[in-house]
1. Evaluate the distance, in nm, between pseudo-label points positioned 7 Å from the Cα of Glu59 and of Ala26 along their respective Cα→Cβ axes.
2. Excluding Glu125 itself, calculate the net charge of residues whose Cβ lies under 13 Å from the Cβ of Glu125, where each Lys or Arg counts +1 and each Asp or Glu counts -1.
3. Report ³J(HN,Hα) in whole Hz for each residue of the range 24-40, in order, from the Karplus equation J = 6.51 cos²θ - 1.76 cosθ + 1.60 where θ = phi - 60°; Gly and Pro get x.
4. Please compute the length gained on full extension between Asp120 and Glu10, using 0.36 nm multiplied by the number of residues separating them and subtracting their Cα-Cα distance.
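Computed from the coordinates by the stated procedures, all read-outs in this text should not be read as laboratory data. Values in this document were obtained by computation on a predicted structure and should not be read as measured data. Here the Cβ positions follow ideal geometry from the backbone for every residue, glycine too, while neighbour counts run over all protein chains shown.
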Amino acid sequence: MQLHLHHPLEPDSASRFAAAIVEAAADISGAELDYSPASIEMVEDIVDGFRTDGASSEEMAESLVAFGCYVGEILTRYAGGTWSNTENALPLIPLVVRLPDARECHPIDWVFRRLEGGPDVSIRELYMSALPRKAPGPSGAHEVPQVGSHE
């Protein structure tokens, strides 16, 4: 797949892609993406809309990458992950979020897979499976907010 992106897709640029899609989603559909785990549901709905409209991964590649970066930013905030390149040849996009326990998450791939597979691919479930039961906090361990949580 040929990607035509406005910025290089690197660990340092992921937050820019996420911010751009937050702005675009607000302008185009009025969606308020707030970097909360609950907002993953909106991402799924938007991607499902692309699918319903018959859009292909190729046609929507830039938006899908940006939505993947958005989901990845949620992982960095709620699971303590960091953006990183991967040497793994399997992911569609070699940019991943590396969790504190050394697992790699592929949020950009998750979004592409949602478009291709529809509701059978749950970005929410993939996100939930990435979360540790406890995450370090400023005063020790605390519960990580879950999807649908208002914390």
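1. Going from the Glu59 label point to the Ala26 one covers 2.8 nm.
2. Values: positive: Arg113, Arg114, Arg124; negative: Glu41, Glu44, Asp120.
Within the 13 Å Cβ shell, the charges total 0.
3. Per residue, the Karplus-derived 3J(HN,Hα) values read 5, 5, 5, 5, 7, 10, x, 5, 9, 7, 10, 6, 8, x, 4, 6, 4 Hz.
4. In short, 36.7 nm is gained.
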